[in-house]
Amino acid sequence: MGNLKKINRLYWLLPLVFILGAAIIFLFGYFGGNTQSSIEEFEIQVFDKEKGAYTVLDVQSGGYNDLGFVGDSVKLKIPLNIAAFAKADLIEISNPTFDYTSLSYVDQEGFIIESLMGLTENDFFYPNPVFRLPAYRDARGFLEFKILSADPLRFSLTTYENNRILKKSNQILTLVSIYCGIMLALALYNFFLYFLVQDESYLYYFLYIICIGMAQISLLGYSHIFFFQGSKELYQSSIIIFSSFSGIFGVLFIQNFLKTKLHAPKLHLILKGVAVLYFVGSVARIFGLVEVSYSITDLAGLMVVIFFIATAFVVANQNFKPAEYFLFAWAFFLVGLFSFILHNTGLIYLGTFPSLPMLLGTAFEAILLSLALAYRINVLKQEKDREQSEKLRVMKETEVLILRQNEMLEEKVRKRTEELEEILHDLQQTQTQLVNQEKMASLGQLTAGIAHEINNPINFVSSNISPLKRDIKDILEIVDAYRKNGSLEFAEETKKKLADLEEDLEFDYLLKEVEQLLKGMEDGAKRTVEIVKGLRIFSRIDEQDIKHVDIHEGIDSTLVLLNSTIGDQIDIIKEYGEIPMVECLAGKINQVFMNILNNAVHALLDHPVEGRKGQITIRTSHEKDEVRIHIEDNGPGIPKELQSRIFEPFFTTKAVGKGTGLGLSIVYTIIENHQGKLTVQSEEGQGTCFLINLPISQPGGDS
């Protein structure tokens, strides 16, 4: 807190120094003495291309003149009879950006008496054009400046004694050097802080200081001497380019420093627009659109003044401390800026070095914002200390929690190990199931072959039973005829022998046995035909083509295959409705019937309900575009808490080794792949009902 109070005292001391310094500068005309004079009365002429001659410009000359963009060459005609030339040796025109400047001594008629020599950079480091006045001059004569400039034509005219211009040059050069040293030191300071703190605010501020410093040096003309000596055009462009990029980096700095995206989102977007405007201005200058670039840059500068202050006030009202520092620092820049503007408009006169307030303003702004950024380091350090303390507290709490949870973790590891072992067992069973599926596919092919091979001989047997019964019937009629006629015509001895033979062979029993054998053969043949038919239907399990299938036929074939398991312990009730053929994979649907019916059979046989015979009811119906199949048993039912899990893979209620838990999961997947729906309704102790909804037509089917 003590350091912060010292900084606050320094903040209030700096404006006082600034004001006192400005007062001294105003009182003594910056550099004091009466060895310089401002020229305010002269004639301004502009070259008229249409007339091919110079015409007098109807403007009032003064201490500071702003002609704006002229485009053509301009002449300044200055009478030598004014007081400013009484003791003068040199004359200065205060603008380093002119493309061409010459000075001639002319008589009353306008004839050139002498072309005057200008001082060069070899004489002294001074950017403005300076010319020696003629040693002998007639008070009736004139000095004639000829100027050509693509930039705005702004200037003042001043006369000096020899030693005074050199003194002024040294003083300004000293001031500029101090300014450059301060700005460079601040730039490097913030550049190193960026790498130390890794905060983008320092990087943007470093770039802002470099660009604003170069912009001020370019406005004074010293960048042409020290950096762009070989290119006048590059120097002229640097004024707008450095000014634009100082605005861009200034916007980025204030957005990051004041966190405008969080505290003032609307102004954050407006500031982005200002940065884009600055960029457009620099591009216009690069492409030679000088007047456009100056207009855009001036507009962007006005917006910066307005929206920077507005943003700082909005953020400061949210008790964000950096915004107060920014407002304080920005005030110095505004004082310098307004002083420069008032001088340009002629409301005040700041002497022959009007850029001094801008230099002081930008320097003080840079210093104060650097102090604010330095203060931010302390804030970051305090936040980091708080964060470290919080981390230490959390670490201690975590240590206690770790000690408490060690036993819990060990228990969880043990349980997890058991679960993994169970999962491994399930995976092994799944592998077995997959192998079984491959076997089923092979079995389907084998079954189809066996059914085909059995079908031919059993058809032969079936077709021969009826003729055989007729033939035996005919033979028995002949035997009866022989018995009747023999009893009348045969001898008694022969009759006795035949009677003994019939008795020995049990002829009457043989007749009954033949009838029973024929009936058994007929029933067996029919049963074999049904089994072959069931095998042929079941063998379609590996088919991959969608076909029109008779659902009733699939159910019946499944029941045939389960007949040996069902026996007479379970009653099968069929309530078939009138349903159309259904597009599906026949083998897959048969697998659905097999898995559901097989589960029902095992539930009834393994968990019989006392006093109730097992019963499976199969109903089919047709509604709109789908077929409904109900498969209902009166078994023990499924507990309510397990009903939501019966379609999960590997979930089973059967004893170990009697089920993989994949049957109903496969059934659910098959129905889902057929765009159908499978639901279960069960009440414990009352039975279970599976409801299958199958669409009649499938996408991409035969229909």
Residues whose built amide H sits under 5 Å from the amide H of Leu116, excluding neighbours closer than 5 in sequence, are Leu103, Ser104, Tyr105
If packing is taken as the average count of other Cβ atoms within 10 Å, what order do 97-104, 78-85 fall into, highest mean first? 97-104, 78-85
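Ranked highest first by the average count of other Cβ atoms within 10 Å around their residues, in what order do 145-154, 132-141 fall?
Details: 145-154: 18.8, 132-141: 12.8.
Ranked by mean Cβ neighbours within 10 Å, highest first: 145-154, 132-141.
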Given 0.36 nm per residue, what is the gain on full extension from Glu109 to Ile178 after removing their alpha carbon distance, in nm? 20.0 nm
When each pair of different Cα atoms in the stretch 35-160 is counted once in the 1/r mean, what is the Kirkwood radius in angstroms, to one decimal? 14.9
Where labels lie 7 Å past Cα in the beta-carbon direction, separation of Asn485 and Gln171 in nm: 17.0
Would you kindly state how much longer the chain becomes between Asp138 and Asp99 on full extension, computed as 0.36 nm times their sequence separation minus their alpha carbon distance, in nm to one decimal? 11.1 nm
Need one number: nm distance between label points at Gln681 and Leu642, each 7 Å from Cα along Cα→Cβ, rounded to one decimal. 2.1
Once the dipole of the stretch 35-160 is set up from charges on Cβ (+1 Lys and Arg, -1 Asp and Glu), the residue from the list Pro129, Phe145, Ile112 lying farthest towards its positive end is Ile112
Please list, or write none, the lysines whose alpha carbon is within less than 20 Å of the alpha carbon of Lys391, excluding same-chain residues fewer than 8 places away. Lys381
Loop GluC sites (Glu not before Pro), the stretch 567-650, which have at most 14 other Cβ atoms in a 10 Å radius of their Cβ (DSSP): Glu578, Glu610
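Using a Förster distance of 30 Å, how high is the FRET efficiency between Arg154 and Gln229, based on the Cβ-Cβ distance and rounded to 0.05?
Efficiency for this residue pair is about 0.85.
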Inter-site label distance for Thr398 and Arg414 at 7 Å from Cα along Cβ, in nm: 2.8
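Give me the net charge for the shell around Lys261: Cβ to Cβ below 14 angstrom, other residues only, Lys and Arg +1, Asp and Glu -1. Numbers along the way, then the final one.
Details: positive: Lys259, Lys266, Lys272; negative: Glu200.
Within the 14 Å Cβ shell, the charges total +2.
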Highest to lowest packing among 288-300, 397-409, scored as the average C-beta count within 10 Å: 288-300, 397-409
Taking only the Cα atoms of the stretch 126-191, how large is their convex hull per residue, in Å³? 122
Among Val56, Tyr160, Thr97 - extreme Cα towards positive end, dipole of the stretch 35-160, charges at beta-carbon: Tyr160
Cα-Cα over 29 Å, subset of Lys272/Lys384; Lys497/Lys519; Lys168/Lys232: Lys272/Lys384; Lys497/Lys519
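Every read-out reported here was derived from the displayed coordinates using simple, explicitly stated rules and does not represent laboratory data. Everything quoted here is computed from the prediction, not taken from an experiment. Glycine gets a Cβ as well: all are built from the backbone with ideal geometry, and neighbour counts include every protein chain shown.
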